[in-house]
Amino acid sequence: MFDNSNWYSSVDRKTLKEQRRADAWKWNEEMEQAASLRSSNPEAYDRMGPMIRISLGHYENDKKIAAQYGRDVNKGGN
């Protein structure tokens with residue numbers, strides 16, 4: 001008989017992945033400035049290259065996950 005009791009469910013894998021992302025997140029002043037620029041000067045933000053915008057999206061997603069896992073996401077937070 002096949003025993004799959006040691007296999008992770010997809011929920012477990014997602015939780016572990018999010019926990020790793022939360023643990024790895026670090027404050028990045030350049031990403032914070034890009035986020036600020038997006039709201040304060042949208043025209044300048046639109047002229048930025050796609051890689052910085054993609055990077056900002058990943059950074060903000062990881063920051064949100066870190067906050068959900070109890071990390072301090074304020075400047076200098078751990």
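The values are calculated or read from the model by the stated rules, or taken from the named source; none is laboratory data. Computed from a prediction, not measured in an experiment: that's the story for all the values here. Don't worry about glycine lacking a Cβ; one is built from the backbone with ideal geometry, like all the others, and counts go over all protein chains shown. The protein model used for the area step is the full one, side chains on, heavy atoms only, and it has no ligands, DNA or RNA in it. Shrake-Rupley method; radii C 1.70, N 1.55, O 1.52, S 1.80 Å.
A few points about this structure:
- Each residue of region 53-70 was assigned a 3J(HN,Hα) from its phi angle through the Karplus curve 6.51 cos²θ - 1.76 cosθ + 1.60 (θ = phi - 60°); the sequence is 5, 5, 4, 5, x, 5, 4, 5, 5, 5, 5, 5, 5, 4, 5, 5, 8, x Hz, with glycine and proline shown as x.
- Counting only protein heavy atoms and a 1.4 Å probe, region 21-78 has 67 square angstrom of accessible area per residue.
- Residues residue 13 and residue 60, FRET efficiency given R0 of 25 Å [Cβ-Cβ distance, rounded to 0.05]: 0.65
- Ordering of 36-47, 54-65, 20-31 by packing [mean C-beta count within 10 Å, highest first]: 54-65, 20-31, 36-47
- FRET efficiency for residue 68 and residue 39, using Cβ-Cβ distance with R0 set to 30 Å, rounded to 0.05: 0.85
- Charge tally for residue 17 (other residues, Cβ to Cβ under 15 Å; Lys, Arg +1; Asp, Glu -1): +1.
- Added length on full extension, which subtracts the Cα-Cα distance from 0.36 nm per residue, residue 30 to residue 48: 5.2 nm
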